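Worksheet for the structure shown next.
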Amino acid sequence: MVQLADYLKPEELQKLARMELIARLVVEGFVTGLHKSPHRGFSVEFAEHRQYVPGDEIRHINWKAFARSDRYYIKQYEEETNLRGYILLDCSASMAYQSGKVSKFFYGKCLAAALSYLMLQQQDSAGLITFDKEVRTYLPPRAAPTHLKAILHQVDAARIGGETRLSNIFHDLAERIRKRGLIIVISDLFDNSKDILSGLTHFRHKKHDVLIFQVLDPDELNFPYRNWTLFTNMENPDHKLLAEPQRIRAAYLQSFQRFETELRRNCRHKRIDFQQLNTQTPFDVALAAYLAGRSGAT
């Protein structure tokens, strides 16, 4: 039986339990909670007035406004609802890369487990989607505490697949996910940057809040190779390159920097949160620091 402790240590849970994952944009939900909803109700925070129409409840008439204008106005309020979180975990072959103790894939699994635990502790809904070039598992969001076991089972069962097609996956899910919510992508994002952004923009067009955790290995960030090396495309093993790293290091780092800069700039423009995580940094430390900053910016 999969247990939370398989992916989260008690001290990590203690850090994360103090954090609140609050969506920056308007989200849609069903249970009164922490997050603003586009629905207008009469329960929490005043939003605006509108003119009275037959059928409205008289008890919501603003009599002070009536005294000033001799017109009937109704107070509208902004409901606070729970968040619907969709965690998208990349299972493509490139996520298997590992230069240290932890692979990108296991690091991503730990993130998925932590975020699921965090959202369910807040009485939010959490769901899990795993994918490579197609969706492998789709576990819809639910708010029941017992749903964590189902998520952890899927996290544990997830296996490395083949190639990835991020744009296709994002476009497909943007159409399938009907309710507004928080889309959390855990991936190395190794695909064409324009295609990635096209898919992410589709989520934003559907009014979702989007959060990207780009999980990278230190080798991918620093290119530390020194001797002649045979580089193999993990998602297409037939593609190999024998090279002297010193000759291509500068070009690699320059190309990688362009890729990252384009992603960050366009995500910022689309109001998409982009957070790069290094597998060398303990995931609980990185996640706690990010969530603290996100809550402070909300």
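The values are calculated or read from the model by the stated rules, or taken from the named source; none is laboratory data. Computed from a prediction, not measured in an experiment: that's the story for all the values here. Cβ coordinates were reconstructed from backbone atoms using ideal geometry, including for glycine residues, and neighbour counts include every protein chain displayed. The accessibility values were calculated without ligands, DNA or RNA, using every heavy atom of the protein model including side chains. Shrake-Rupley method; radii C 1.70, N 1.55, O 1.52, S 1.80 Å.
Looking only at region 282-294, residues that are more than 12 Å from residue 213 (Cβ to Cβ) and open to solvent by 20 Å² or more (accessible area, probe 1.4 Å) come to 5 in all.
Within the set 268, 249, 264, 258, the sole residue that is surrounded by fewer than 17 Cβ atoms within 10 Å (Cβ to Cβ) and in contact (Cβ under 8 Å) with a residue 12 or more places away in the chain turns out to be 249.
Among the residues making up region 207-233, those that are touching a helix residue (DSSP H, G or I) at 6+ places or on another chain (Cβ under 7 Å) and surrounded by fewer than 17 Cβ atoms within 10 Å (Cβ to Cβ) are 223, 225, 226, 229. Filtering 165, 159, 176 for residues that are out of contact with any helix residue (DSSP H, G or I) (no Cβ under 7 Å at 6 or more places or on another chain), open to solvent by 10 Å² or more (accessible area, probe 1.4 Å) and modelled with pLDDT under 90 leaves a single hit, 165.
Among all residues of region 108-119, there is none that is out of contact with any Gly (no Cβ under 8 Å at 6 or more places or on another chain), assigned to a strand (DSSP E or B) and open to solvent by 10 Å² or more (accessible area, probe 1.4 Å).
Test residue 186 against the criterion of being in contact with a Leu (Cβ under 7 Å, 6 or more places away or on another chain), farther than 21 Å from residue 232 by Cβ and buried (at least 21 other Cβ atoms within 10 Å of the Cβ), and give yes or no. When the stated conditions are applied, residue 186 passes them. In region 131-145 there is at least one residue matching the filter, namely being open to solvent by 10 Å² or more (accessible area, probe 1.4 Å), of a type in the set (Val, Ile, Thr) and not in a loop (DSSP other than H, G, I, E, B).
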